[in-house]
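Notes for the one structure printed next.
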Amino acid sequence: KINMDALKNVVIPVPPTDQQYIVDRLNIFIEYVNSLESIYQKKLLAVDELKKSILQKAFSGALTTEVK
């Protein structure tokens with residue numbers, strides 16, 4: 001059987017919950033994620049343009065080399 005009086009005196013350490021600190025950290029994280037998303041979108045556009053350029057050169061024969 002558990003002695004309830006003994007449990008009343010048990011102290012369980014809990015870290016402080018500073019809501020503003022948490023909100024600030026989340027806002028920083030959101031800004032970072034948005035920045036990464038923007039970079040990712042720019043990279044996707046660059047890859048798409050590179051692919052189009054390579055395909056254009058391939059179909060026009062600009063990528064072939066003459067064998068002598």
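Observations
- Counting only protein chain heavy atoms and rolling a 1.4 Å probe, the accessible areas of Glu31, Glu66 rank, largest first, as Glu66, Glu31.
- Zone of Lys51's modelled label, taken as backbone nitrogen in region 10-38 under 19 Å from a point 7 Å along Cα→Cβ: 38
- Farthest toward the positive end of the dipole of the chain, out of Val11, Val33, Ile54, is the Cα of Ile54, where the dipole comes from beta carbon charges about the Cα centre.
- Taking the Cα atoms of the chain, the ratio Rg/Rh between the radius of gyration and the Kirkwood radius comes to 1.63.
- Under the convention that each Lys and Arg Cβ holds +1 and each Asp and Glu Cβ holds -1, the size of the dipole of the chain around its Cα centre is about 340 debye.
- Nearest-ten-degree value, helix 19-60 long axis tilted from longest Cα axis of the chain: 20 degrees
- The chain, accessible surface, carbon-and-sulfur percent (1.4 angstrom probe): 63 percent
- Label separation (Ala62 vs Glu31): 4.2 nm, computed from points 7 Å beyond Cα along the C-beta direction.
The values are calculated or read from the model by the stated rules, or taken from the named source; none is laboratory data. Worth saying up front: this structure is predicted, and the values here are computed from it rather than measured. As a convention, Cβ positions derive from the backbone with ideal geometry for all residues, glycine included, and neighbour counts pool all protein chains shown. The accessibility values were calculated without ligands, DNA or RNA, using every heavy atom of the protein model including side chains. Shrake-Rupley method; radii C 1.70, N 1.55, O 1.52, S 1.80 Å.
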